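Notes follow once the structure below has been shown.
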Amino acid sequence: QVQLVESGGGLVQAGGSLRLSCAASGRAFSGYTMGWFRQAPGKEREIVAAITWSTGNTYYQDSVQGRFTISREYAKSTVYLQMNSLKPEDTAVYYCAARRGGLRAYVPEYDYWGQGTQVTVSS
């Protein structure tokens, strides 16, 4: 059974940085895509970034391009989201997700989800 456990959220001032981690377990993830999504109060869940486990191909939402970096570490079966130059509008619950197959940007296309971690950016 696939398990995804996020960590690293917290409170940070605008302009600051955070690194989120997603520890993945339960199977080999070769051939999978790992994604980071976020959901702000009153808004729909949206993709932030995604990475293919085997090849490292990436996708970023336009609003985070150049500020956020997604990466994966094979030895620890962990996916990271490095977030720099944070803005108040980045405040949300951030979720890790996994899907079998290539890069996709939509919530229904992902099969497995973590419990989420809160990121709050103060102005």
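The values are calculated or read from the model by the stated rules, or taken from the named source; none is laboratory data. Predicted model, so just to flag it, every value in this text is computed and none were measured. Neighbour counts run over all protein chains shown; Cβ positions are idealised from the backbone, glycine included. Just so you know, the surface numbers come from the protein's heavy atoms only, side chains and all, with ligands and any DNA or RNA stripped out. Shrake-Rupley method; radii C 1.70, N 1.55, O 1.52, S 1.80 Å.
Given +1 at the Cβ of Lys and Arg, -1 at the Cβ of Asp and Glu and no other charges, the dipole of the chain around its Cα centre is 220 debye to the nearest 20.
Each residue of the range 16-30 was assigned a 3J(HN,Hα) from its phi angle through the Karplus curve 6.51 cos²θ - 1.76 cosθ + 1.60 (θ = phi - 60°); the sequence is x, 10, 9, 10, 8, 10, 10, 8, 10, 8, x, 5, 7, 9, 4 Hz, with glycine and proline shown as x. Subtracting the Cα-Cα distance of Arg27 and Glu46 from their residue separation scaled by 0.36 nm leaves 4.3 nm. State, to one decimal in nm², a quarter of the convex hull surface area for the C-alpha atoms of the range 29-77, i.e. the direction-averaged projected area. Averaged projected hull area, Cα only: 4.1 nm².
Other residues lying with their Cβ under 14 Å from the Cβ of Met34 contribute a combined charge of +2, Lys and Arg counting +1, Asp and Glu -1. Restricting the calculation to Cα atoms, the range 1-113 shows an Rg/Rh of 0.94 when the hydrodynamic-style radius is the Kirkwood one.
Normalised by the number of residues in the chain, the average gap of Cα pairs under 8 Å and 6 or more apart makes the relative contact order 35 percent. Average accessible surface for the range 28-123: 49 Å² per residue, computed with a 1.4 Å probe over protein heavy atoms with every protein chain in place. Here the simple spin-label model places points 7 Å from the Cα toward Cβ, and for Ala75 and Gln3 these points are separated by 2.3 nm. In nanometres, what is the gap between the two model label sites at Ser17 and Asp111, each 7 Å from Cα along Cα-to-Cβ? The answer from the label model is 3.5 nm.
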